[in-house]
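The values are calculated or read from the model by the stated rules, or taken from the named source; none is laboratory data. No experiment lies behind these values; they were computed from the predicted model shown. Note that we place each Cβ from the backbone using ideal geometry, even for glycine, and neighbour counts take in every protein chain shown.
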């Protein structure tokens, strides 16, 4: 069999099948060994090929596309350390449950472990951090091998997208010469004949008896709360808010639950818990006896402590991905069931709760906290807390808000209030790293309108090169760079009480003028002078295109003090209120 | 037992033992879980702590230090994707045989696989790409556990430094609170009592019978050649050149063999083979019947093809690291013996060869090629080939020359001629990636004088952020940036014959003005206008400090044509000469 024909037919089948299975985008990093796959991908009319030189950024860029589209995205690179650069994004995808199809080109067997250039051991390269690994057969054109290749691809996408979604890795050995035969029949020849496999992924659900049992328990309590962490399912907000209304349960809504913004009923949504659950009086006022928890663990440390202090409450953890999300070991019932389905089903097994006293308590404390939060408006200096408090007002309807890890996501949790805009909130909360944030955001921005990224200077620096995608693809993105010249979060941790090597090991100021880098990537850089300036720039931003970076300079010590003063002030107000009840 | 005391005593023992075992430098990336280790490391008077925010760059920076010092270097990071960012440098270290001590902080067992923040599965995180992995015990202060911890550290360094050197990984679970007790007795208490383990690493050697057998064969041939690839052993140049003299074998010296520059005897060193082994007449003129090969596979493709064409020659591959460096499967004898020791021993088992005819043939062709190479001097435009031809003249005595992968290392191979300066030549040739080059070079520059890095624009871009180390540590480095706006090597490959998606997939121009980034990192940027300008800048460079980037703009197509014209011209000259013999 002719080598070139085998190579071409086999890879064309692979590419066609990936697309048939739902892949619409691939991020390709240039390289030699991956040549046949890259060249054939570029020929397919239904596949969008994005080029990214740095494989680490490339993988995060793909992660961002996958997160924004809720769809599997492929990445392709050559052999060697190129593939190792994918690792951080793969780990993030694994824990964030994002479907990535990792395609690596490799040397054929005779060139492995014999000192050949750019040949590393790629078998199970990502270990347990991919859901599935398959070492592919060498290209062949026989019907049997083409069928095998198509089946593996269909299966790979099915595994990547079945709950919990995640990355899969296919490793392709290619022999030289690496040039495929590109002609008009490339994909026609490989159209999907009848009889190939189609995969229908199911969702986890419970038996009627199980639902009845849970319903019986829930209708017996008047002190139930729902807690929602990071969730991606677009059906979920409606389902969970309807259940909460029927049960008169407050919903403690993490900013990544997608519950704080939108057209669903916001009545029961409690969003300032990270502030009021720091107050002992509030905590004794609000003790639950049943907890329903959905999604990833919430961000708030105050909430985590509150849950530990209420360890005697029954805690139902509902996970459609069959995980074990229970770091404090407080769960009494681990329920493996699709979350939206769970809410919808329970609605029919329960009746409206007549008592709303407990819900009202939560709403009162939440309302009071919100009232007191208006004090943030009076801050005249550039302030991190105030920025996040005003974000919901500043970004337009339909915007996506991507938030960096470390301080920004915590400030968003504390200060981002309920609103009726359709604002999608995103972050990399699989493993909570500061790496790859710029690239993930740019990937997510690719198919989004009105995109806002808020992040700190270390996070911005860690993936600064990721900005190249904004330049190459003329992406529209507004970046709010909170520059406190170092690791702001450490000022809140016990490390800060030991000044000796604090700046060396934790403060880590970089003293960078990011304007230079932004210019290199053809972006606009604006140093925000004051709140009026920010407001007018944000007004303008809604109509502009391209890469725009707005820098807000803050001070780590001032920021810590401001947070502490705010919490101390609100604590007093809340304590006084509770004592008056 | 008090938690803080246990934490402190255990980690102080770990740090003290690593230093006792030969670790002098650690590269730390800021994070929370790694706090106790970082704080104790910063207290040790004999450990140099370097901070690097981006773990990918940090690991390559450590790799550079380890390569330049021939010493194990440690890296430390927090849990999560931080650790995954180490992967590319670890893979490179594995294949380049560089000792890295990878220290990762981790959540304790009760916080694993339960959705705790920043917790990923770090057990065997780097798979087969580390020589050893150990999951450490939780900190304890008992004599037994301290002894265990010290032993594991001594053992880890011993494994990392035994041939073939490579990375090892120790994963440390730490419980909160994470602050150690820092006082003056920190290390005094942990001084090494008598009786702890000391490791003496041996070298591979052969029996007298083996040496005699090999010597018998070698003295029977008058057509032997020595081939030397990448080698780090400082004893090797003297050892191998003495053997070559005795046997009258030419030495085909890859630029990374460290044989082209230095005070050793350069008589038998052949360095222009990449040019003349493209010529059929030369190849038939120079056929060997015995080949001794040392070090990694040489870079030159012309040489690789020459070896394949002489598959009937006996090929002895000598590897003190016990690898299997034989991608073309041509080796007839695989010899696991320390390379310098092998040469020294053979010297005493052999007698001087009286015939020098074969050696003279090689030297004649090499000399002729060198003569013809002077034509490169006449090129007036900025030219990649001419740059590498003139490098040895431009850099000062005692300089280190670090060369990027892809085209620069190949051009160095082709055009960097023998010289009597002490020039150390470095590159990342473990897996030949373009990633991490800037950081590796900066790490190597830390303890070197007169440091020159020559690399292409994609390689520069891939690790641009690595330049932060130059700024933070005031490193002195001269960077010659060969900017041909994309992937120059692909113009030499068959891909270039298919123009349709060539620029998209392989050319990948980034159109970046790197001056901006260099300014951000407080470096000086100079665009080289012509050869006089370069020469005068290089004269100045020998006396300057800090980060300096000299950009040479070239054109990929022109460069390819220039190379091809040069080879075609030289081919003719060589053919004419051989026909005349």
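Being in contact with a helix residue (DSSP H, G or I) (Cβ under 7 Å, 6 or more places away or on another chain), over 18 Å from residue B:430 (Cβ atoms) and in contact (Cβ under 8 Å) with a residue 12 or more places away in the chain holds for only one residue in B:105, B:83, and it is B:105. With respect to the conditions (1) surrounded by fewer than 23 Cβ atoms within 10 Å (Cβ to Cβ); (2) within 25 Å of residue B:580 (Cβ to Cβ); (3) touching a helix residue (DSSP H, G or I) at 6+ places or on another chain (Cβ under 7 Å), residue B:289 lacks only one, and its number is (3). Evaluate the following for residue A:459: is it in contact with a strand residue (DSSP E or B) (Cβ under 8 Å, 6 or more places away or on another chain), in a helix (DSSP H, G or I), surrounded by 24 or more Cβ atoms within 10 Å (Cβ to Cβ) and within 14 Å of chain B (Cβ to nearest Cβ)? When the stated conditions are applied, residue A:459 does not pass them. Going through (1) more than 11 Å from chain B (Cβ to nearest Cβ); (2) closer than 14 Å to residue A:229 by Cβ one by one, residue A:336 falls short only on (2). For region A:26-120, the helices (runs of 4 or more DSSP H) that sit wholly inside it and include 1 or more residues that are over 26 Å from the mean Cα position of the chain (by Cα) and more than 7 Å from chain B (Cβ to nearest Cβ) are A:35-43. With respect to the conditions (1) crowded, with 24+ Cβ neighbours inside 10 Å; (2) under 27 Å from residue B:252 (Cβ atoms); (3) within 14 Å of chain A (Cβ to nearest Cβ), residue B:410 lacks only one, and its number is (1). Just a yes or no: is a residue in region A:366-383 away from chain B (no Cβ under 14 Å) and within 28 Å of residue A:214 (Cβ to Cβ)? Checking region A:366-383: at least one residue is away from chain B (no Cβ under 14 Å) and within 28 Å of residue A:214 (Cβ to Cβ). Residues in region A:493-530 that are surrounded by fewer than 16 Cβ atoms within 10 Å (Cβ to Cβ), more than 7 Å from chain B (Cβ to nearest Cβ) and not in a strand (DSSP E or B): A:497, A:499, A:500, A:503, A:509, A:511, A:529, A:530. Inspect region A:376-386 for any residue being assigned to a strand (DSSP E or B) and in contact with a helix residue (DSSP H, G or I) (Cβ under 7 Å, 6 or more places away or on another chain) and give the result as yes or no. Looking for residues that are assigned to a strand (DSSP E or B) and in contact with a helix residue (DSSP H, G or I) (Cβ under 7 Å, 6 or more places away or on another chain), one finds none in region A:376-386, hence no. For residue B:230, state whether it is part of a loop (DSSP other than H, G, I, E, B) and not assigned by TED's automatic domain parsing to the domain that holds residue B:325. No, not satisfied. Scan region A:396-405 and tell me whether some residue there is at negative phi, assigned to a helix (DSSP H, G or I) and touching a residue at least 60 places away in the same chain (Cβ under 8 Å). Within region A:396-405, none of the residues are at negative phi, assigned to a helix (DSSP H, G or I) and touching a residue at least 60 places away in the same chain (Cβ under 8 Å). If you go through region B:165-183 one residue at a time, do you hit one that is assigned to a helix (DSSP H, G or I), assigned by TED's automatic domain parsing to the domain that holds residue B:71 and within 32 Å of the chain's Cα centre (by Cα)? Checking region B:165-183: not a single residue is assigned to a helix (DSSP H, G or I), assigned by TED's automatic domain parsing to the domain that holds residue B:71 and within 32 Å of the chain's Cα centre (by Cα).
Here's a check for you: in region B:127-142, which residue that is out of contact with any strand residue (DSSP E or B) (no Cβ under 6 Å at 6 or more places or on another chain) and part of a loop (DSSP other than H, G, I, E, B) is nearest to the other protein chains (Cβ to nearest Cβ)? Selected residue: B:139.
Would you mind stating whether residue B:178 is buried (at least 18 other Cβ atoms within 10 Å of the Cβ) and either in contact with a helix residue (DSSP H, G or I) (Cβ under 9 Å, 6 or more places away or on another chain) or closer than 30 Å to residue B:232 by Cα (or both)?
yes
Kindly indicate whether residue B:320 is surrounded by fewer than 17 Cβ atoms within 10 Å (Cβ to Cβ) and in the same structural domain as residue B:362 (by TED's automatic domain parsing). It is false that residue B:320 is surrounded by fewer than 17 Cβ atoms within 10 Å (Cβ to Cβ) and in the same structural domain as residue B:362 (by TED's automatic domain parsing).
Would you call residue A:17 in a helix (DSSP H, G or I) and surrounded by fewer than 24 Cβ atoms within 10 Å (Cβ to Cβ)?
Against the criterion (in a helix (DSSP H, G or I) and surrounded by fewer than 24 Cβ atoms within 10 Å (Cβ to Cβ)), residue A:17 does not qualify.
Taking the listed residues A:300, A:331, the one that is in contact with a strand residue (DSSP E or B) (Cβ under 9 Å, 6 or more places away or on another chain) and free of Cβ contacts under 8 Å to residues at least 60 places away in the same chain is A:331, with no other qualifying. When each of A:215, A:244, A:239 is tested for being out of contact with any helix residue (DSSP H, G or I) (no Cβ under 8 Å at 6 or more places or on another chain) and not assigned by TED's automatic domain parsing to the domain that holds residue A:99, the lone residue that passes is A:244.
For region A:466-481, the criterion of being outside any loop (DSSP other than H, G, I, E, B), out of contact with any strand residue (DSSP E or B) (no Cβ under 9 Å at 6 or more places or on another chain), in the same structural domain as residue A:406 (by TED's automatic domain parsing) and surrounded by fewer than 19 Cβ atoms within 10 Å (Cβ to Cβ) is met by no residue.
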